[in-house]
Amino acid sequence: MKPEDEVKELLRQIGRTDRSWSAPPVVETRLLEQWDSSAADRKFRTGRIRRRLWIASLASAAAIVALLVFKEITPSRPSSIEQIDSRTLPAAARTATTSFLYGDDFIPLVVGGGTAPVQLARIRMSRAALTAFGMPASETSSGQIEAEVLIGEDAVAYAIRLIRPSR
Amino acid sequence: MTRDHSDAHLAAAIAQGDREAFEHLYRRHQSTVYRFARHMTGSPEVAEDVTQEVFLNLMRTASRYDSTRGSFQTYLYTITRSFVARGIKRKTMVTLDGAEEIQSDADDPLKQTMLQQMIERLRAAVVELPARYREIIVLCDLEEISYAEAAAIVGCPEGTVRSRLHRARRVLAARLRDVSEGGKTVQQSRCLA
């Protein structure tokens, strides 16, 4: 037998004898203690995370409720006469809201300057065309309205007055 | 705990915080880890520390084990190997004490004594080998695992495992011969160059 093979044989004998080796029981005890303390730590951390999630959820819910309440009590800016009309406001309030367009006074269209108006023109136009004069009107508005427009020498419309439709 | 007691399932259960799975896996593999560490370091104390470190590490990183990349044993040896390297650096190695006596068929008490002496010398010689040769001897000859698995653990080609094993055995044979011939200096460095 070659010396290397002899060594191999001896080593295998040693290996088989040493199969009975195992770590002392104290190692397992220490490891399980470590496991338990880690588990307790994990549980504590999990509980803390859950509490934080609860707080975050409650805060979000409170914010949503506050937003809804605020939206409910804050009147939104009307974008058109129709929108105002369609709102469920008392009739008196609705009239007060829309009547400012139908006064005796002209509503200026140009701020300051310009020449004195020389001509008064009565025109019929679609309700939607009010937007061209910077007045509130829905894009879906239908029907014709009458208005008087003050026109200057330079052919610029200076003021407008809506004619109240006869009932 | 899960009924599936495969290493992969136990590792997955450990990652989920299953204490029983950890106990099960520890009892199944602790002796492998301890033996490898003790053969590598020659110290029961260091082997004990290494075993504890390896399983503490496993406690935290069990989820990293991927059964498609190799056996759990290979994974465990790989971790143990790195802790052994740290253990060797930290503590001075000591020669094995209290190693079990090998039961021989020889009836002659003189032969039995000579065999025991040879075994002790061989153990000491193994511990004195350079680490890269020692680990191959431990894995392939003492633990009798396949060359392929040893190559996977050490992270080198199978051919390298074979050549290291051959050289290491030659050195050990020379060491035993020299000691028995009267303590000549072993030319290890030349053999392992």
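Any read-out appearing in this document is the output of simple, stated calculations on the displayed coordinates, not a laboratory observation. Keep in mind the model is a prediction, meaning the values are calculated, not measured. Positions of Cβ are generated from backbone atoms using ideal geometry, with glycine treated the same way; all protein chains shown enter the neighbour counts.
Each residue of the stretch B:132-143 is assigned a 3J(HN,Hα), and the resulting list reads 5, 7, 4, 5, 6, 4, 5, 5, 7, 9, 6, 8 Hz, derived from the Karplus form 6.51 cos²θ - 1.76 cosθ + 1.60 (θ = phi - 60°), x at Gly and Pro. Computed from the C-beta positions of residue A:70 and residue A:128 and an R0 of 35 Å, the FRET efficiency is 0.60 to the nearest 0.05. The mean number of Cβ atoms from other chains found within 10 Å of a Cβ in peptide B:165-177 is 4, as a whole number. Close amide H pairs (under 5 Å, H built 1.01 Å from N) link residue B:145 with B:140, residues at least 5 positions away or on another chain.
On the basis of the beta-carbon distance and an R0 of 41 Å, residue B:20 and residue B:156 show a calculated FRET efficiency of 0.65. Backbone amide hydrogens, once placed in the peptide plane, bring residue A:159 within less than 5 Å of A:109, A:150, excluding anything fewer than 5 places away on its chain.
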